[in-house]
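Remarks on the structure that follows.
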Amino acid sequence: MKPNYFRLFIQVLMGVTLVTLALVYAFFCSYVYLEPTLPTVTAMKNNELAVPLRVYTRSGDLIAQIGEERRNPVKYEQIPLMVRQAFIAAEDDRFFEHHGFDWQGVLRMLFVNLVSADFAQGASTITMQTARSAFFTQEQTIRRKLQEIFVTFRLEKEFKKEEILALYLNVIFFGQRSYGVAAAAETYFGKQLDQLTLGEAATLARVQQSPSKYNPITNPQGAAERRKYVLRRMRELGYIDEATAVAASDEVVSAKAHRALADVEAPYVAEMVRLEIIRRFGAKAQEAGYKVYTTLDGRLQSAANRALRVGLVDYTRRQGWRGATNKVELSGRENPQDLETLLDEYGPTGDLRPALVITVAEKSAAVFIKGQGPATIEWAGMSWARRHVNELALGPEPKSASEVLARGDVVYVLHEKEDAPAELAPMPEAESALVSLDPNNGAILSLVGGFDYFEGRGMFNRATMAKRQPGSGFKPFLYSAALAGNFTPSSVILDAPIIEDDPGAEEIWRPRNSGGELSGPTRLREALVRSRNLVSIRLLREMGVKPVIDYVGNFGFTVEKNRLPNNLTLALGSMQATPLEMATGFAVFANGGFRIEPFFIDRIEGPGGTIVYSADPVTVCAECTQPVYAVSDAQRAKDEVSATHVAPTPLPVSARQARPAEQAISPQVNFLINDMMHDVITRGTGRRALALGRTDLRGKTGTTDYSVDTWFNGFNDNLVTTVWVGTDDNKPLGESEEGGRTALPIWVDFMREALRGVPENRRGPPDGIIEMKVNALTGGKKDADLDPIFEYFRADLLPTDEGYVGDSGAVPGAIDTSSPDAPQPGSDPIF
């Protein structure tokens with residue numbers, strides 16, 4: 001019996017039809033079931049990527065991108081054509097022709113995989129990969145695959161092809177925590193998208209297929225092989241010609257891990273912002289696309305970075321040359337790549353770059369600098385390198401380069417310009433911090449918390465976290481307390497030895513002046529200018545410790561146990577304060593006597609671009625009526641009582657628009673202490689600041705015992721800058737290393753740039769200040785013509801004929817003896 005082919009055909013056809021209908025029905029049911037789990041069109045169009053927190057200067061320059069995922073979303077128009085073509089050639093050459101699913105691509109995939117037997121060719125289109133990367137996890141289940149298919153259809157229906165491609169290039173993962181091609185360009189090559197070469201673009205186009213396998217950092221050979229495939233496909237599709245493909249294939253692509261690109265280097269401030277964002281909005285806000293505009297001035301921040309690093313290198317050079325970091329064997333056949341490999345374990349620190357000594361001549365050395373190439377260290381760049389013997393001694397000056405360097409030495413160098421010689425630079429063991437702020441509203445304009453934030457120096461922000469002793473930098477606050485009481489700049493205090501034998505102490509306290517010399521009777525102005533410790537101690541003893549502590553609180557210092565010691569060591573700056581707190585305190589002197597609050601965030605923009613926070617700082621308003629704090633609690637209480645009977649003066653319109661700052665010290669006291677600190681610059685311990693050639697600068701050095709902490713706090717009316725130099729483990733900086741030698745040069749270097757083009761402005765004396773001629777020895781009016789000087793005085797506290805000689809118990813200074821808590825003249829100090 002002959003088979004009935006027609007009936008067989010009908011049966012097969014019916015079977016295929018039933019199976020197809022069943023599949024279609026199952027597909028439809030699957031869609032109905034899964035549709036509630038799919039992202040809506042609105043959600044897809046408003047898809048919020050995990051965008052890092054971005055931190056900017058006040059003018060909009062980028063400081064940092066912070067988040068677990070490095071991502072820098074870009075628009076289609078911002079992606080170079082070459083980059084788009086590289087990814088289309090590598091992943092989906094029919095992207096602009098198909099509707100989400102490429103059946104030709106599936107057949108080609110099957111053929112290529114069967115022929116090559118490596119099954120490396122995939123069949124997912126760019127739209128399918130976009131659906132997977134943008135809206136789902138990478139789990140391999142039937143449910144997830146069906147969701148991906150449905151979203152692929154929805155993408156093709158609701159989005160333009162250009163929108164799909166842009167989304168794809170923003171969401172795909174490239175390894176190294178980088179998502180999106182723009183972030184990948186920064187991560188692997190340290191470049192913006194429009195700076196990529198064809199070879200680099202082709203390399204990235206294959207990395208995303210297997211970030212671990214084709215990573216150009218960990219597997220440069222494998223990445224180069226896959227790059228050839230991309231270039232071949234680009235040539236076959238007519239995107240590039242043969243010559244271009246060959247040139248790009250021969251291109252040496254050097255990939256290495258790069259930090260996110262930034263316009264301004266301020267990592268310590270970026271971390272401060274990150275912590276504040278978490279405090280305000282929670283940890284997830286780091287990846288929600290917030291933009292934070294800080295108060296930093298980019299130009300001043302760059303100047304601060306450079307000044308601090310140069311200053312620390314200069315200090316370290318004074319301590320002598322401690323030898324090379326390491327030594328390697330050189331065969332003489334190394335190429336640049338080999339030399340880079342030998343330096344691979346050494347990273348840059350601050351502005352210092354690791355280098356390998358190749359040859360040494362009589363007065364020079366040839367080196368290879370990591371990441372830069374060959375350079376020369378001339379004699380001027382290494383002649384400083386006297387051998388470090390110990391903390392007190394250095395060896396003789398070197399006579400030749402061979403006494404300093406040898407072939408194979410690994411050293412660090414400064415090399416700012418390619419066409420200039422390099423300089424041998426020791427790795428600093430000391431640390432430093434710099435804070436600069438606007439004294440009129442507290443805006444932090446620059447902040448550096450250490451030599452290097454990233455490379456082995458720790459992320460400890462010394463500007464805001466390091467509580468150190470300010471040393472003589474505290475004296476302006478002590479002297480302003482005296483000037484607010486019964487002392488004048490011409491009051492005479494004895495500069496003579498002091499011995500304090502406290503039964504509760506382990507040993508007798510014998511404080512001394514820096515250098516050990518004594519001056520006898522000394523006017524307060526001269527005592528501050530020459531930073532006389534013994535005068536300051538006697539001054540504090542006459543005023544009483546507690547009243548001074550109360551007064552110092554007006555400058556913003558935390559009045560708490562152990563921060564402001566309740567004994568005579570307070571006169572020497574034995575309190576604990578951060579550089580930011582010191583700058584905040586000196587801001588009172590700079591702005592006319594008003595207390596401000598430092599801040600570093602100007603505004604915060606939420607993920608949608610709306611402003612969710614805007615700073616509202618207290619602002620100096622000289623017209624506003626504010627109480628001037630007295631020195632003692634008793635006097636302050638009297639002032640507060642009398643103030644309740646005085647009708648407040650209406651604020652001007654300009655003042656109502658800002659929160660007025662509280663007046664901390666009177667204009668008269670502020671003028672007197674400023675004039676005395678001006679003398680510190682012109683003829684005292686701050687004379688190095690005269691290099692700036694300005695007449696509007698005031699300030700005070702600070703040095704603690706054994707030069708453990710060294711400072712300079714300086715300012716004019718519009719800028720306050722504090723610099724601290726020390727070590728994290730409280731080691732002495734060395735003999736003669738005082739604030740005027742360590743911190744002040746950094747301050748000068750920074751202020752030279754910060755005040756460039758800024759006109760000078762010196763405040764004249766306010767009402768209530770009188771200038772009089774007095775005797776230079778006694779500070780009194782008697783015999784003023786015999787040894788005359790001119791001095792300023794408060795109108796309500798003019799000098800007597802004999803002047804005031806302190807530490808005699810005759811006149812109480814800056815205390816209210818009616819207060820039961822106030823120390824009485826001649827009473828034993830608390831120690």
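The values are calculated or read from the model by the stated rules, or taken from the named source; none is laboratory data. All of these numbers come straight from a predicted model, not from anything done at the bench. Glycine gets a Cβ as well: all are built from the backbone with ideal geometry, and neighbour counts include every protein chain shown. Accessible surface is based on the protein model in full, side chains and every heavy atom, while ligands, DNA and RNA are left aside. Shrake-Rupley method; radii C 1.70, N 1.55, O 1.52, S 1.80 Å.
Side notes on the structure shown:
- With R₀ fixed at 35 Å, the C-beta to C-beta distance from Gln78 to Asn335 puts the FRET efficiency at about 0.40.
- Sorted from greatest to least, the principal axis extents spanned by the alpha carbons of the stretch 233-387 come out as 60, 57, 26 Å.
- Taking 20 Å as the limit for the C-alpha separation, the pairs Lys327/Lys370; Lys191/Lys370; Lys327/Lys399 exceed it in the case of Lys327/Lys399.
- Gain on full stretching of the segment that runs from Asn730 to Ala420 - 0.36 nm per residue minus C-alpha separation: 107.9 nm
- Full extension of the segment from Met459 to Glu276, taken as 0.36 nm per residue of separation minus the current Cα-Cα distance, would add 64.3 nm.
- Within the accessible area of the stretch 493-607 (1.4 Å probe), percent carbon and sulfur: 47
- Carbon-plus-sulfur accessible fraction, the stretch 149-249 (probe radius 1.4 Å, protein heavy atoms only): 49%.
- Here the peptides 491-498, 507-514 are ranked by packing, the mean other Cβ count within 10 Å, and the order with the highest first is 491-498, 507-514.
- Simple label model, 7 Å out from Cα along Cβ direction - Ser400 to Arg659, nm: 6.8
- Computed from the C-alpha gyration tensor, the three semi-axes of the ellipsoid equivalent to the stretch 366-518 are 45, 25, 16 Å, from longest to shortest.
- Selection of GluC sites (Glu not before Pro), the stretch 261-362, meeting DSSP coil and at most 14 other Cβ within 10 Å: Glu329, Glu345, Glu362
- Estimated from the Cβ-Cβ distance and a Förster radius of 22 angstrom, the FRET efficiency linking Ala776 and Arg687 is about 0.60.
- Accessible carbon and sulfur surface of the stretch 679-799 relative to its total accessible area, %, 1.4 Å: 48
- Solvent exposure of the stretch 148-238, expressed per residue, is 37 Å² of accessible area, with all protein chains present and a 1.4 angstrom probe.
- Taking every C-alpha pair closer than 8 Å and separated by at least 6 residues, the mean separation divided by the residue count of the stretch 431-550 gives a relative contact order of 19 percent.
- FRET efficiency, Lys363 to Arg510 (Cβ-Cβ, R0 35 Å, nearest 0.05): 0.10
- Gain on full extension, evaluated as 0.36 nm per residue between Ile217 and Arg177 minus their Cα-Cα distance, stands at 13.0 nm.
- Inter-part distance where the stretch 259-332 and the stretch 728-793 are each reduced to a Cα centre, Å: 33
- A 1.4 Å probe run over the stretch 285-348, with the rest of the protein chains in place, finds 46 Å² accessible per residue.
- Mean Cβ count within 10 Å, highest first, over the residues of peptides 780-791, 171-182: 171-182, 780-791
- The stretch 164-200-the stretch 380-411 distance, computed between alpha-carbon centres (Å): 46
- Inter-label distance for Met14 and Gln372, nm, one decimal - labels placed 7 Å from Cα along Cα-to-Cβ: 8.6
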